[in-house]
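In what follows, a structure is listed as structure tokens, so that the remarks can point back to it.
Nothing in this text is a laboratory measurement; each read-out follows from the coordinates by a stated rule. This one's a predicted model, so the numbers in the text were calculated from it and none came from an experiment. Cβ atoms come from the backbone with ideal geometry, glycine included; neighbour counts cover every protein chain shown.
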Amino acid sequence: MKVCVVGAGSIGGLLAARLSKSGCEVSAIARGPHLTAIQEGGLRYRGSDLDFVAHIRASDKPADLGPHDFVILTVKAPSLPEIAPTLAPLCHAGTSIVSAMNGIPWWFSQSLPAPLKGRSLRSVDPDDTLSDAFPQDPVLGCVVHAGSSVPEPGLIDHSAGDHFIVGSSNRTASPEAAILADALTRSGLTGVTSDDIHGEIWMKLIGNMGMGPISALTGATLAGIARDMDVRPIAAAMMQEAMNVGEVLGLPMTMGVEARIDLGAELGEFKPSILQDLERGRPMEIDALVTVVAELGEIACVPTPTINTLLALLRGRARLAGLY
């Protein structure tokens, strides 16, 4: 089984290292000092009970790596439109594209009922760049419940979680999803399949969207947001507005907002990725995490005043830092 991970950062590097150790033939698209470190000394994985070096092929040029059975996209959402048109050399006729990124993916509307069905979401794919670059139908979605970081080039520090949910964009059982989930499980992670990957993506998004912007604006951790009597109600209001949107669009939630906040707080004094990006001067995933929910609210004719306010403040903060 040949797998290429596009973006060998915190999550991509975790996947590349574990899949390689379990016997998959793994390649990775990386860049800069991280790429140099992988090429010269391998990709080092460090977890609570495991420390090893995975020797994988790595390049910043997809043509160097050739076609694969699975191409797993783990880059930050703002980077994907630029890199997507260059990835064709990684694919053959049977390649499965896997989006394992934060937020709403470009293919999200394909199998949902009206009023979303068949619509292109301008906040995540304004020029149809991604739809054109990835014509495969169906594609696979992967929801990541794990935490890791890249403390130095070539090193992946896996700190929390190992749960990966894989499902097809057509919302049916998928042999390819089962193959990838089995490979993840054999690697020592927990891979499971779902025939409602849209619901899994929405469930994670509501937490990221409801707490991430507040964290970026205040510097608070997830646990800090949950216990702050002034801030927690704002997170709850954002989540409730998103849930109202989901109800209209065929994405119902079985978990209430207070339980969703508590679930996020279980990660403790954890900084969500959007705050980490702000602190490290990296482009922020505002559109895939927040703008898209405001857009979906417009489509569903559901008001999202709290989301819109936080979105405006978040954009202003990101523009001030030159990250949006």
**Request:** Could you go through the range 161-174 in sequence order and give the Karplus-derived ³J(HN,Hα) for each residue, using 6.51 cos²θ - 1.76 cosθ + 1.60 with θ = phi - 60°, rounded to whole Hz, and x for Gly and Pro?
**Result:** x, 8, 9, 10, 9, 10, x, 8, 5, 8, 6, 10, 4, 10
**Fill in**
With Rg from the Cα atoms and Rh as the Kirkwood inverse mean 1/r over Cα pairs, the range 128-247 has an Rg/Rh of 1.03
**Asked** Roughly speaking, what is the centre-to-centre gap between the range 162-234 and the range 9-74 when only Cα atoms are used, to the nearest Å?
**Response** 22
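In deg cm²/dmol, rounded to 500, what helix-only [θ] at 222 nm does the chain give when every DSSP H run of at least 4 residues adds -39500 (n - 2.57) and the total is split over its residues? Don't skip to the answer; put the middle values down first.
Details: 12 runs with 131 residues, N = 324.
So the helix-based figure for the chain works out to -12000 deg cm²/dmol.
Express the Stokes-Einstein translational diffusion coefficient of the range 12-108 in µm² s⁻¹, to the nearest whole number, given a Kirkwood radius over alpha-carbon pairs, 4 °C and a viscosity of 1.567 mPa s. Display every interim value, and only then the final one.
Details: Rh = 14.3 Å.
The calculation lands on 91 µm²/s.
Roughly speaking, what is the stretch gain from THR172 to GLU40, that is 0.36 nm per residue apart minus the C-alpha to C-alpha distance, in nm to one decimal? Don't skip to the answer; put the middle values down first.
Numbers: separation 132, 0.36 × 132 = 47.52 nm, distance 4.22 nm.
Result for the pair: 43.3 nm of gain on full extension.
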**Fill in**
Debye calc, one equal point scatterer per Cα of the chain, no solvent, log10 I(q)/I(0) at q = 0.12 1/Å comes to -0.80
**Prompt:** With r defined as the distance between the Cβ atoms of ALA114 and ARG186 and R0 fixed at 35 Å, what FRET efficiency is calculated, to the nearest 0.05?
**Reply:** 0.30
**Net length gained if the chain between VAL248 and SER149 were fully extended (0.36 nm per residue, minus Cα distance)** = 32.0 nm
**Request:** Rank LEU313, LEU263, LEU50 by mean-square fluctuation in a GNM of the chain with C-alpha springs under 10 angstrom and give only the top-ranked residue.
**Result:** LEU50
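If I stretch the segment between MET1 and THR218 completely, what's the gain in nm (0.36 nm per residue apart, minus their alpha carbon distance), one decimal? Mind showing how you got there, number by number?
Values: separation 217, 0.36 × 217 = 78.12 nm, distance 4.43 nm.
Gain on stretching MET1 to THR218: 73.7 nm.
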**Amide H contacts of ALA28 (H built 1.01 Å from N, under 5 Å, at least 5 apart or other chain)** = VAL5, ARG57, ALA58, SER59
**Request:** Tell me which residues come under 5 Å, amide H to amide H, from GLY147 once H is placed; ignore anything under 5 positions away on its chain.
**Result:** SER159, ALA160, GLY161
**Prompt:** What would the Debye formula give as log10 I(q)/I(0) at q = 0.10, 0.15, 0.21 Å⁻¹ for the alpha-carbon point model of the range 199-320, no solvent?
**Reply:** -0.26, -0.60, -1.20
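Can you list the DSSP H helices in the chain whose Cα atoms extend at least 30 Å along the helix axis and whose mean Kyte-Doolittle hydropathy is 0.0 or higher? Numbers along the way, then the final one.
Working: long enough: 197-218 (31 Å, 0.61).
Those that pass (Cα extent of 30 Å or more, hydropathy at least 0.0) are 197-218.
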**Whole-percent pair-distance distribution, where bins are 10 Å wide, for the alpha carbons of the range 2-195** = 9, 39, 37, 13, 2, 0
